[in-house]
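> Okay, here's the structure, questions in a sec.
Nothing in this text is a laboratory measurement; each read-out follows from the coordinates by a stated rule. Quantities reported herein were computed from a predicted structural model and do not represent experimental measurements. No Cβ is skipped: glycine too gets one built from the backbone with ideal geometry, and neighbour counts run over all protein chains shown.
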Amino acid sequence: MYKMIAQFFKETREEKILEECGCVCYCPNCDEPLNDCSDCKDISEGEGLYEYVCNECNVSSKFHFGIAPVPILIEG
């Protein structure tokens with residue numbers, strides 16, 4: 001029962017992120033969505049490279065938003 005409820009909340013959260021951001025970036029370590037509540041900073045001075053730190057597992061990952069129509073995981 002708990003897994004069903006957790007899955008429902010994750011799907012609802014993903015839908016909200018998609019509406020607000022247009023894409024969802026996931027932690028490469030634990031598959032947690034990163035766009036809505038993780039620590040994010042632009043590390044490329046406007047060129048589209050962002051670093052996220054996952055709130056669940058504290059893993060840092062870098063996504064590039066400027067080289068393709070979808071974010072590309074560069075380092076994670």
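> For the chain, modelled as a GNM with alpha-carbon contacts under 10 angstrom, which of Cys27, Cys37, Cys54 fluctuates the most?
Highest fluctuation of the listed residues: Cys37.
> With only Lys, Arg, Asp and Glu charged, each at its Cβ (+1 for the first two, -1 for the last two), find how big the charge dipole of the chain is about the Cα centre; round to the nearest 20 debye. Could the numbers behind the result be given before it?
Details: 6 positive and 15 negative charges, 49 e Å.
Around 240 debye, computed over the chain.
> Further question on the same structure: Taking every pair of distinct Cα atoms and averaging 1/r, then inverting, what Kirkwood hydrodynamic radius in Å comes out for the chain?
Numbers: mean 1/r = 0.0772 Å⁻¹.
Final number for the Kirkwood radius of the chain is 13.0 Å.
> Give the longest segment of the chain that steers clear of GluC sites (Glu not before Pro) in DSSP loops with at most 12 neighbouring Cβ atoms within 10 Å, not counting the sites themselves. Display every interim value, and only then the final one.
Values: sites that count: Glu45, Glu47.
After excluding every exposed loop site, the longest remaining stretch is 1-44.
> Mind checking which lysines have their Cα closer than 18 Å to the Cα of Lys62? Skip sequence neighbours fewer than 8 apart in that chain.
The qualifying lysines are Lys41.
> So what is the relative contact order for the chain, in percent, with contacts set as C-alpha pairs under 8 Å and at least six apart?
On the way: 109 pairs, mean separation 15.0, N = 76.
Across the chain, relative contact order equals 20 percent.
> Once fully extended, how much extra length lies between Glu45 and Asn29, figured as 0.36 nm per residue of separation less the alpha-carbon to alpha-carbon distance? If you can, show how the numbers build up before the last one.
Working: separation 16, 0.36 × 16 = 5.76 nm, distance 2.62 nm.
Result: 3.1 nm gained on full extension.
> Just want the answer: with Cβ charges of +1 for Lys and Arg and -1 for Asp and Glu, which residue in Gln7, Tyr50, Phe63 is farthest toward the dipole's positive end in region 2-75?
Going by the Cα projections, it comes out as Gln7.
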